[in-house]
1. Which residue out of ALA402, ALA379, ALA394, ALA368 is within 23 Å of LEU318 (Cα to Cα), open to solvent by less than 30 Å² (accessible area, probe 1.4 Å) and free of Cβ contacts under 8 Å to residues at least 60 places away in the same chain?
2. Would you check if ILE25 is in a helix (DSSP H, G or I), touching a helix residue (DSSP H, G or I) at 6+ places or on another chain (Cβ under 7 Å), over 30 Å from ILE423 (Cβ atoms) and open to solvent by 30 Å² or more (accessible area, probe 1.4 Å)?
3. In this structure, is CYS136 at pLDDT 95 or above and not in a loop (DSSP other than H, G, I, E, B)?
4. So if I check each of GLU142, GLU111, GLU183, GLU149, which one is open to solvent by 50 Å² or more (accessible area, probe 1.4 Å), in contact with a helix residue (DSSP H, G or I) (Cβ under 6 Å, 6 or more places away or on another chain) and not β-branched (Val, Ile, Thr)?
5. Report yes if some residue within the range 36-52 is open to solvent by 20 Å² or more (accessible area, probe 1.4 Å) and out of contact with any strand residue (DSSP E or B) (no Cβ under 6 Å at 6 or more places or on another chain); otherwise report no.
6. Out of (1) free of Cβ contacts under 8 Å to residues at least 60 places away in the same chain; (2) farther than 30 Å from GLU184 by Cα, what's the single condition that is false for LYS211?
7. Just give me the residues in the range 277-298 being at pLDDT below 95 and in a loop (DSSP other than H, G, I, E, B), in sequence order.
8. In this structure, does GLY418 turn out to be on the phi > 0 side of the Ramachandran plot and surrounded by 14 or more Cβ atoms within 10 Å (Cβ to Cβ)?
Amino acid sequence: MKYQEALDYIDSLKKYGIVPGLDSIRELCRRLGDPQDRLQFVHIAGTNGKGSVLAYVSTVLQRAGYRVGRYISPTIRDYRERIQVNGRNITQKALCGLVEELRQICDGMVEDGIPQPTPFEVETAMGFLYFLREKCDLVVLETGMGGREDATNVIRNTRVAVLASVSMDHMQYLGNTLAAIAEEKAGILKPGCLGVTMSQEQEAMEVICEKARLLQVPLTVADGRGAKRVRYGLEKQRFDYDSLKDLEIGLAGRYQIHNAVLAVEVCRALSACGYTIAEEALRQGLREARWPGRFTVLGKKPLFVADGAHNEDAAKKLAESIEFYFTNRRIIFIMGILKDKAYEKIIELTAGYADQILTVTPPDNPRAMGSYELAREAARVHPRVTAVDSLEEAVEISHLLAGREDVILAFGSLSYLGRLMEIMERRNGKR
């Protein structure tokens, strides 16, 4: 099987959609010999911040000398990003071999009258196999959606279960209240593991604490307000936390301080589990962690920032960062949103900061909201909105509109940011 054939096979499975539940992934893993049962995990759920916390924790563990698997979704630039070992993407050769192996297993399941596994189930099982064969000491595993019925929750050997920020998203699958969504996310807590949660809204916090109590899971609450002497910046940020002075992170956005504090507490929990993490490894890992598409600077003069704010809570946090970093600066928006997201709320929370809004259609995504439809919605609350036909055009027009001291901010969906980064790299290369 060639690489494109492997991608085509995965793409062909999209017609099976999203099917919450663990029956299919359990059977798929059983037929593969249950590779997940021979691995150890840090399992991360949450609405926003999962990926950033994964980046911090996995980089710290790598700097501490461990062989670390990363499983992430969605990806930004390359399909292979979703399965990594020590920060390196799975090779095309390994991917092709695993997809061929998984295809045969899936065909066997269908022949036996068992439903075809979904793309996420196939990818998750593929990750388990790869991490086992690569002899990973630990796998930092990000849920796709929810937690309790997420395919990743087939695992048993959770050392630390992590709950990043919980808010409203994917309501059609997870429930219409914050408590219901928190119940799904807290489903990754298991007897025998340690739990670490970000400080949540009260409704979510009560659910998480009760779940931990019932399962007798020791729960640590990581409160980002405990960070002191915070020095914010777009290229690096510093803060003190407990006895740790002058910690540095390379990810921008005010909310990243909270994610980093959560990561510190996860590393402390891992130390309590017997993993050796020296303070220097912690410092180095936090400093070196990278997570593209989260308030990422892609260009200067004008400043060009890309952020994957794609739901109401992320839009609130983006607005906070805009107010903090870009006070009294003229801002041009590039906005692209998926039609199944809370686009009205995203527009409402952010549009007031823009001098002009350019809307785009996230390419190659059946869930994308058309640029003209999005422009009509944005025009309800903003006087200067223009729909453009391509990302290339959006980048070009935004630079024509922006002065050297202005800001261009692209956000709304992670699904188009990889393409945007490529466009900006070509543009920067011309200079």
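The values are calculated or read from the model by the stated rules, or taken from the named source; none is laboratory data. Model, not experiment: these values are computed from the prediction. Counting neighbours? That spans all protein chains shown, and the Cβs are built from the backbone with ideal geometry, glycine included. Calculation scope for accessible area: heavy atoms of the full protein, side chains included, ligands and nucleic acids excluded. Shrake-Rupley method; radii C 1.70, N 1.55, O 1.52, S 1.80 Å.
1. Exactly one residue qualifies, and that residue is ALA368.
2. When the stated conditions are applied, ILE25 does not pass them.
3. It is false that CYS136 is at pLDDT 95 or above and not in a loop (DSSP other than H, G, I, E, B).
4. One residue alone meets the criteria, GLU183.
5. Yes: one or more hits.
6. It fails just one condition, (2).
7. Within the range 277-298, ARG290, TRP291, PRO292, GLY293, ARG294, PHE295 qualify.
8. So GLY418 does not fit the description; no.
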